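S.K.: Sharing a structure with you now.
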Amino acid sequence: MTVALALHALFLFQSSVAATAQDAARVDAIVQEAMHGEGAVGLSVAVMRGDEVVVSKAYGLADLEFAVRADEETMFRIGSVTKQFTAAGILRLAERGKLAVDDPLTKFLPDYPTHGQEITLRHLLTHTSGVHDYTALRLEWAPLLARELSDAELVALWQDLPLDFAPGEKWSYSNSGYYLLGMVIAKVSGSSYADFLRETFFEPLKLTRTRYDSNGEVIPNRAQGYAFEGGKLWNDRLLAMSQPGAAGGLISTASDLVRWQRALVTGRVVQPESYLEMTTPFMLDSGRETGYGMGLLLDTQAGQPCVWHGGSIPGFHSVLLHFPGEELLIGVISNSEGLRADVLGVELAKALLATK
């Protein structure tokens, strides 16, 4: 290497280091301000540019009652960010020839009542199935929140209700649909949903701080969640973790989330053709696009095209944002309902996109 090339390489390295330091400083300033707001408890925050994790940091407390500080290893419930893992699981099984996304649900769950309609896995993946969302059944569901329910017991909450609309006719967010997809994954793979994700994704990708949650297991360095009501923090409502299933049952860190998203984008989770399916908006029978692919929202955030998903589960908020044009990924998880991860994530995006 000539002296000129060596100097140029050194300049590029120093510029990269300076840019990373600038990113970290901007993120830290914004997050520190958020942590001084009413209702903040703890945060997991990570930023990735291309293949480089430029920020991976925890803030505040994992547990208020024992004043336990959060760190980079602290796992938080991620709620509906789980859905992209589920969608990727279905597509990985499709790549193995175990199923097709246009297969009818009844091919795998023959006893599920479809009320005279054909509901496909694609309908479930894109929230266009018409299957009623069980989390909207407040009166029926609320008394059961703390009970560990079997698949049959949970599905019984909604299966006999008429469809909200004919499959493919409209878009309506349905946790029930994604719960059913988890049942399909278990049926086709011969493993539990949790074991399938662990063996297929988490272990090969070295996502060591991502797993299915459990109220019974002792899970070291897991954050407690908090509600924020009447200007006061409360322990979150007890939710039996059998109930979110493939719609929202995972815990993770922001660092694991951005590395997962990078692996998804670069073909290490599913094939590029499958990822294209995940990021293609579903078109309704009317010809209107929905703005949702498979487990992923497709719209504009911080003034830039964005592939993303948020999550909300008692005591926690989460968001995972990917800006493809900038190769920028941002993950934020909060263990307080008083600090919205999605709002903070977009604020971070605005600052980081402005510095590119």
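S.K.: Being of a type in the set (Val, Ile, Thr) and within 13 Å of the chain's Cα centre (by Cα) is the filter; apply it to region 228-287 and report the residue that is farthest from Glu217 (Cα to Cα).
M.R.: Val258
S.K.: Checking Thr300 against (1) over 14 Å from Gln84 (Cα atoms); (2) in contact with a Leu (Cβ under 9 Å, 6 or more places away or on another chain), only one condition comes out false. Which one?
M.R.: For Thr300, the exception is condition (2).
S.K.: Could you give me the residue pairs with C-beta distances under 9 Å whose first residue belongs to region 334-345 and is free of Cβ contacts under 8 Å to residues at least 40 places away in the same chain and more than 11 Å from Leu321 (Cβ to Cβ), whose second residue is buried (at least 24 other Cβ atoms within 10 Å of the Cβ) and not basic (Lys, Arg) wherever it lies, and which are 6+ apart or on separate chains?
M.R.: Arg340/His317; Arg340/Val319; Arg340/Ser334; Val343/His317; Val343/Val319
S.K.: Out of Leu99, Leu154, Leu124, Leu149, which single residue is of a type in the set (A, V, I, L, M, F, W, C), closer than 28 Å to Ala341 by Cα and within 24 Å of the chain's Cα centre (by Cα)?
M.R.: Exactly one of Leu99, Leu154, Leu124, Leu149 is of a type in the set (A, V, I, L, M, F, W, C), closer than 28 Å to Ala341 by Cα and within 24 Å of the chain's Cα centre (by Cα), namely Leu124.
S.K.: Additional query: Could you say whether any residue in region 239-262 is touching a Pro at 6+ places or on another chain (Cβ under 8 Å) and more than 26 Å from Leu348 (Cα to Cα)?
M.R.: yes
S.K.: Output the residues belonging to region 125-157 that are outside any loop (DSSP other than H, G, I, E, B), of a type in the set (Asp, Glu) and in contact (Cβ under 8 Å) with a residue 12 or more places away in the chain.
M.R.: Glu140, Asp151, listed by residue number.
S.K.: Check off (1) of a type in the set (Gly, Ala, Ser); (2) outside any helix (DSSP H, G or I); (3) closer than 26 Å to Val155 by Cα for Ala227 and give me the number that stays unchecked.
M.R.: (3)
S.K.: Can you confirm whether region 283-305 contains a residue that is part of a helix (DSSP H, G or I) and surrounded by 23 or more Cβ atoms within 10 Å (Cβ to Cβ)?
M.R.: Checking region 283-305: not a single residue is part of a helix (DSSP H, G or I) and surrounded by 23 or more Cβ atoms within 10 Å (Cβ to Cβ).
S.K.: Thr128 - would you say it is of a type in the set (S, T, N, Q) and either crowded, with 23+ Cβ neighbours inside 10 Å or under 30 Å from Ala46 (Cα atoms) (or both)?
M.R.: Yes.
S.K.: Read through the list (1) loosely packed, with under 15 Cβ neighbours inside 10 Å; (2) touching a residue at least 60 places away in the same chain (Cβ under 8 Å); (3) not in a loop (DSSP other than H, G, I, E, B), then give the number of the only condition that Arg122 fails.
M.R.: (1)
S.K.: Out of all the residues in region 83-119, which are without any contact (Cβ under 8 Å) to a residue 24 or more places away in the chain, of a type in the set (Asp, Glu) and surrounded by fewer than 14 Cβ atoms within 10 Å (Cβ to Cβ)?
M.R.: Listed by number, the residues that qualify are Asp102, Asp111.
S.K.: For region 306-336, which residues satisfy the criterion of being surrounded by 23 or more Cβ atoms within 10 Å (Cβ to Cβ) and either aliphatic (A, V, I, L, M) or part of a loop (DSSP other than H, G, I, E, B) (or both)?
M.R.: Matches in region 306-336: Val307, Ile313, Gly315, Val319, Leu320, Leu321, Leu328, Leu329, Ile330, Val332, Ile333, Asn335.
S.K.: Of the residues Leu91, Leu61, which is more than 18 Å from Asp256 (Cα to Cα) and part of a helix (DSSP H, G or I)?
M.R.: Leu91
S.K.: Now a separate question. Going by what's in this entry, would Ala351 be described as on the phi > 0 side of the Ramachandran plot, touching a helix residue (DSSP H, G or I) at 6+ places or on another chain (Cβ under 7 Å), of a type in the set (A, V, I, L, M) and surrounded by fewer than 24 Cβ atoms within 10 Å (Cβ to Cβ)?
M.R.: no
S.K.: Taking only pairs six or more apart or across chains, which ones have beta-carbon atoms under 8 Å, a first residue in region 53-71 that is closer than 27 Å to His322 by Cα and in contact (Cβ under 8 Å) with a residue 24 or more places away in the chain, and a second residue that is crowded, with 17+ Cβ neighbours inside 10 Å and of a type in the set (Lys, Arg)?
M.R.: From region 53-71, the pairs are Val53/Arg259; Ala62/Arg222.
S.K.: So, Tyr275, is that one in contact with a Ser or Thr (Cβ under 7 Å, 6 or more places away or on another chain) and crowded, with 17+ Cβ neighbours inside 10 Å or not?
M.R.: no
S.K.: From the list Asp195, Asp160, which residue is modelled with pLDDT of 95 or more, of a type in the set (Asp, Glu) and assigned to a loop (DSSP other than H, G, I, E, B)?
M.R.: Criteria check complete, one pass: Asp160.
S.K.: Which of the numbered conditions does Leu149 fail, given that it passes all the others? Conditions: (1) closer than 30 Å to Gly216 by Cβ; (2) buried (at least 18 other Cβ atoms within 10 Å of the Cβ).
M.R.: With respect to (1) closer than 30 Å to Gly216 by Cβ; (2) buried (at least 18 other Cβ atoms within 10 Å of the Cβ), Leu149 is out only on (2).
S.K.: OK, next. Determine whether Ser80 is surrounded by fewer than 20 Cβ atoms within 10 Å (Cβ to Cβ) and among the hydroxyl-bearing types (Ser, Thr, Tyr).
M.R.: Judged against the criteria, Ser80 is not a match.
The values are calculated or read from the model by the stated rules, or taken from the named source; none is laboratory data. Quick caveat, the model's predicted, so the values are computed rather than measured. Glycine gets a Cβ as well: all are built from the backbone with ideal geometry, and neighbour counts include every protein chain shown.
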